[in-house]
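First the structure, in the form of structure tokens, and then the observations on it.
The values are calculated or read from the model by the stated rules, or taken from the named source; none is laboratory data. Worth saying up front: this structure is predicted, and the values here are computed from it rather than measured. Reconstructed Cβ throughout: ideal geometry from the backbone, glycine too, with neighbour counts over all protein chains shown.
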Amino acid sequence: MIPDVDCDSIVYLNGDYLRLGDAKVSVLDRGFIFGDGIYDVVPAYNGKPFRMDSHLARLERSLAAIDIKVSLARKDWEELVLDLIKRSGLNDCMVYIQVSRGVAKRDHAFPKNTPPTVFCMITPFVRPGAAAREQGLSVVSMPDIRWLRCEIKSVSLLGNVLAKQYAVEAGVDEVVQFRDGYLSEGASCNIWAAKDGVLLGPPRSNLILEGIRYSLLEELAADTGIHFDARPISQQEVENADELMLSSATKELLPITVYNGKPVGTGKPGSVYTRLRAGYDKAIAEL
Ligand SMILES: Cc1ncc(COP(=O)(O)O)c(C=O)c1O
């Protein structure tokens, strides 16, 4: 028994469908030994994956970035995601996909002729409720101490784990990380600011994980006539922003209304957030 985990749910491991409670990998798996692997998380609403193409494209980019080759083509990934959703019987759910460099004698260098470990599981998606959407979240700032390949969705998440624990111990919902005085991202989300009606986000680079909601927010901003400026954003600009918000597959798009113990702007969700949020809800409804 693992608290809060449905051990009877069906997972995929290296070609087999198993009960989660029965799925096992070797202690020599490089995902376990080195954190040598990547992952992605595809949200689904009403049994339908949201932006699956973009998630699978990012999965393939992450695999290519660390030179892991899998036998699954794009179509196979799609079928796997759809199949798992169907088997789960869940409506709103998250499909977690992880690929590690496989099982081999412990040695840092890549092993030869070792098949990767491919694992997928499904968890229920408890969508953010009215309180988070209407009252917003609180965050604290902290230095970004992570490595310089944050664009890879790596399972080596120690920096992100420590950042999220920092938020928990500070009694807030998330952190806003800064590298050399400029905004990077949260522990498990992208962070956005708004000033004078303009949406501001850090540029796509190796310093952030480009969330699938990055392009989505660009599209929603264009649809609603909000100017979007992707550029380095200083700590001072974040402190003085009219609005702050965060995005991720699990948090969707939520306003941040308290920053380092002080209200952001009016202390209520602002108009840039409200317009983007309406677009986000429409995109889900139109799935
Ligand atoms: C570090 C980090 N940045 C950004 C994101 C947002 O990515 P997405 O919108 O694809 O969920 C995540 C999501 O898990 C994340 O872990």
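Between ASP67, ASP16, ASP40, the distinction of being among the acidic types (Asp, Glu) and on the phi > 0 side of the Ramachandran plot belongs to ASP67 only. Among residues of the range 239-254 being touching a residue at least 40 places away in the same chain (Cβ under 8 Å) and more than 16 Å from the ligand (Cβ to nearest atom), the one that is farthest from ARG275 (Cα to Cα) is ASN240. Considered as a group, the residues in the range 33-60 that are touching a residue at least 40 places away in the same chain (Cβ under 8 Å) and in a helix (DSSP H, G or I) include one that is farthest from the chain's Cα centre (by Cα), and that residue is ILE33. Per the listing LEU90, LEU148, the residue uniquely assigned to a loop (DSSP other than H, G, I, E, B) and touching a Pro at 6+ places or on another chain (Cβ under 8 Å) is LEU90.
Among the residues of the range 188-201 satisfying the criterion of being surrounded by fewer than 22 Cβ atoms within 10 Å (Cβ to Cβ) and in a loop (DSSP other than H, G, I, E, B), which is nearest to the chain's Cα centre (by Cα)? Filtering first and then ranking leaves SER188.
Here are ARG101, ARG106: which of them is more than 20 Å from the chain's Cα centre (by Cα), away from the ligand (no atom under 16 Å from the Cβ) and surrounded by 14 or more Cβ atoms within 10 Å (Cβ to Cβ)? When all the criteria are applied, what remains is ARG101. Counting only residues that are closer than 22 Å to GLN98 by Cα and either modelled with pLDDT under 95 or not in a helix (DSSP H, G or I) (or both), the range 151-176 holds 7 of them.
ARG133 fulfils the conditions (1) of a type outside the set (Gly, Ala, Ser); (2) in a loop (DSSP other than H, G, I, E, B); (3) away from the ligand (no atom under 16 Å from the Cβ) except for a single criterion, (2). Residues that are in contact with a strand residue (DSSP E or B) (Cβ under 6 Å, 6 or more places away or on another chain) and either part of a loop (DSSP other than H, G, I, E, B) or among the polar types (S, T, N, Q) (or both) within the range 253-268 comprise ASN260, VAL264, GLY265, GLY267, listed in sequence order.
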